[in-house]
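Below is one structure, written out as structure tokens; the observations come after it.
The values are calculated or read from the model by the stated rules, or taken from the named source; none is laboratory data. Being a predicted model, the structure only gives us computed values, none of them experimental. FYI the Cβ positions are ideal-geometry reconstructions off the backbone, even for glycines, and counts take in every protein chain you see. Accessible surface areas use protein heavy atoms only, side chains included; no ligands, DNA or RNA. Shrake-Rupley method; radii C 1.70, N 1.55, O 1.52, S 1.80 Å.
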Amino acid sequence: MKIDILTVVPDLLESPFSHSILKRAREKGLLQVNVHNLRKWAINKHMQVDDYQFGGGAGMVIMPEPLANAIDELQQDGKYDEIIFMTPDGKPFTQKTANNLSLKENILIICGHYKGIDERIRQRYVTMEISIGDYVLSGGELAAAVVVDAIGRLIPGVLNDETSALFDSFQDNLLAPPVYTRPADFRGDKVPEILTQGDPKKVEEWRHEQSLLRTRERRPDMLEE
Ligand code: 6GU
């Protein structure tokens, strides 16, 4: 999978894909992430990419030309399966969306900044608008990092048995159960006995039960779906 990201703050996206699971995905050639500086497509020698909004009001808006020129040029290497705009008024991001996106080949993510991007780009180019939650970030970059991380780890071949996504919270609409490691007795707090008795069927039952309890207590809304 190839993910292109368009941003006016490429530095913010230097590190998030260079560690751990996503690093391995890139090294294995399963994931390619290219961060592009929108100023490369600025409209003048002042590197301008934004302007005041028509009708007045505070805050700059990213102009249509730099975005359109960037998208047209980048798309010469192959049409995008999805052009995503990161915005707090987008559709809430869920594991289901991540699962779907992990099956695509060629994705562009546009990070908004300031007041956002010209509406005509949203109408003409954008195929999907994503928000990562009901709060406002100063730009779409951190949100894009969240989305790329969630998608990247799901690409077939990225996770092994040890890191399998099958047992993640949300993957079966339940929160994950508690986990324990050595020592079996930590300052008097003991690991639940079932986990140390070596009966895989009982362990599985216990984990499912704990998942249900935890979901009922913390996220009853998930059980109603
Ligand atoms: Cl995608 N962008 C911004 N700027 N703020 C957000 C967001 C995105 N999702 C939640 N808050």
Inset, instruction - Give Ala42, Ala25 a once-over and let me know the one that is small (Gly, Ala, Ser), under 16 Å from the mean Cα position of the chain (by Cα) and closer than 22 Å to Asp77 by Cα. - result: Ala25
Inset, instruction - Answer yes or no as to whether Ile132 is in contact with a Phe, Trp or Tyr (Cβ under 7 Å, 6 or more places away or on another chain), of a type in the set (A, V, I, L, M) and near the ligand (Cβ under 10 Å from one of its atoms). - result: yes
Inset, instruction - Can you run down the residue pairs with Cβ atoms below 6 Å, 6 or more apart or on separate chains, where the first is in region 46-68 and farther than 21 Å from Gln123 by Cα and the partner is open to solvent by less than 50 Å² (accessible area, probe 1.4 Å)? - result: Gln48/Ala42
Legend entry - Subset of region 8-49 [β-branched (Val, Ile, Thr) and at pLDDT 95 or above]: Val8, Val9, Val33, Val35, Ile43, Val49
Legend entry - Members of region 145-162 found to be near the ligand (Cβ under 9 Å from one of its atoms) and touching a Pro at 6+ places or on another chain (Cβ under 9 Å), listed by number: Val146
Legend entry - Residue, least open to solvent (accessible area, probe 1.4 Å), within region 130-141, restricted to residues that are among the aliphatic types (A, V, I, L, M) and within 19 Å of Gln95 (Cβ to Cβ): Ile130
Legend entry - Selection within region 85-113 - open to solvent by less than 20 Å² (accessible area, probe 1.4 Å), free of Cβ contacts under 8 Å to residues at least 60 places away in the same chain, among the polar types (S, T, N, Q) and more than 10 Å from the ligand (Cβ to nearest atom): Thr97
Legend entry - Residue list for region 114-129, filter: modelled with pLDDT of 95 or more and either surrounded by 14 or more Cβ atoms within 10 Å (Cβ to Cβ) or within 10 Å of the ligand (Cβ to nearest atom) (or both): Ile117, Asp118, Ile121, Arg122, Tyr125, Val126, Met128, Glu129
Inset, instruction - Please name all residue pairs, on different chains or six or more residues apart, with Cβ atoms under 8 Å, provided the first residue is in region 137-148 and is acidic (Asp, Glu) and the second residue is part of a helix (DSSP H, G or I). - result: Glu141/Leu12; Glu141/Leu13
Legend entry - Looking only at region 146-175, and only at residues there that are open to solvent by 50 Å² or more (accessible area, probe 1.4 Å) and closer than 18 Å to Ser15 by Cβ, the one that is modelled with the lowest pLDDT: Arg153
Legend entry - Matching residues in region 193-221 - criterion: being in contact (Cβ under 8 Å) with a residue 24 or more places away in the chain and not in a helix (DSSP H, G or I): Arg219
